[in-house]
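Report on the following structure.
Just so it is clear, none of the values below were taken in a lab; they were calculated from the coordinates. Model, not experiment: these values are computed from the prediction. We place every Cβ from the backbone using ideal geometry, glycine too, and count neighbours over all the protein chains shown.
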């Protein structure tokens with residue numbers, strides 16, 4: 001009876017019935033006894049019901065104390081009726097949301113930590129190489145060797161520039177700072193602009209370009225679409241031997257428009273196929289220059305344009321991009 005909210009009503013109820021029984025005693029002792037008995041029953045029921053409610057509230061209070069202590073594994077589901085049951089279920093929903101938010105924040109912190117570690121590793125490798133080359137270049141007197149070191153240093157600088165630029169683009173997408181357009185975009189223009197930076201290296205490596213299919217338009221952002229396709233072309237060109245073939249095929253049906261990019265290289269290791277669009281993934285068949293973010297950026301962009309990309313092997317690596325058509 002320490003709780004005043006519990007004790008006062010019980011005492012008041014008992015007092016009212018006792019006073020009524022005393023007053024009726026002078027009229028009829030029998031009626032007074034009945035009144036006193038009825039009062040005892042009513043007071044007893046009130047005490048029992050109130051005690052039950054208080055015990056349930058104490059359980060909820062203990063549970064909330066555990067939640068404040070960081071223990072989210074418990075639950076308080078209740079399918080009965082009544083205000084207390086509604087309160088319990090609403091508390092349970094709030095706690096589930098809180099637990100989900102905590103888990104999401106934990107996963108985000110872990111992802112950020114892993115990403116920073118990967119970024120640090122990816123930057124450390126070319127920076128270390130450039131420092132070594134700079135020392136060698138300073139001491140080297142042979143003009144031919146100096147040209148060789150300079151070319152290697154330039155390549156490492158370009159690789160670092162591309163890495164930093166791509167990481168910044170991914171970060172902008174992660175932060176929700178990129179607004180993609182939804183204008184009609186010609187896939188022919190996208191393919192042409194995506195191939196343009198690689199035409200010289202394709203000529204040097206004697207890579208034949210084969211294109212087939214007609215043109216189609218999709219709703220998207222041309223510049224970002226070029227960025228997405230360009231990363232696929234870059235992956236194909238870098239992993240193809242000299243004298244290979246790079247092909248693009250476009251087609252359309254009632255559900256989606258499709259762009260296929262294929263190369264005549266060695267293909268993708270089967271165990272790597274499910275992971276090649278994962279950020280910083282390094283498969284067994286990747287060379288030392290692979291970073292593992294270009295294709296991740298491609299998938300991120302295409303998802304924003306209501307498109308999907310997948311990869312498989314068929315006499316080389318094949319990348320298939322499908323732009324879904326709107327259903328009217």
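Numbers below:
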quantity	calculated
Computed label-point distance, nm, for sites residue 22 and residue 85 using a 7 Å Cα→Cβ extension	4.2
Where N is the number of residues in region 183-324, Cα Rg divided by 2.2 N^0.38 Å	0.98
Between region 139-214 and region 219-247, the Cα center-to-center distance that results, in Å	9
Region 115-174: radius of gyration and largest Cα-Cα distance (Dmax), Å	14.3, 48
Estimated D of region 161-223 in µm² per second, where Rh is the Kirkwood radius over Cα pairs and Stokes-Einstein applies at 20 °C, 1.002 mPa s	150
Volume per residue that the Cα convex hull of region 193-249 spans, once the total is divided by residue count, Å³	73
Residue 65 paired with residue 164, simple spin-label distance in nm, labels 7 Å along Cα-to-beta-carbon	5.6
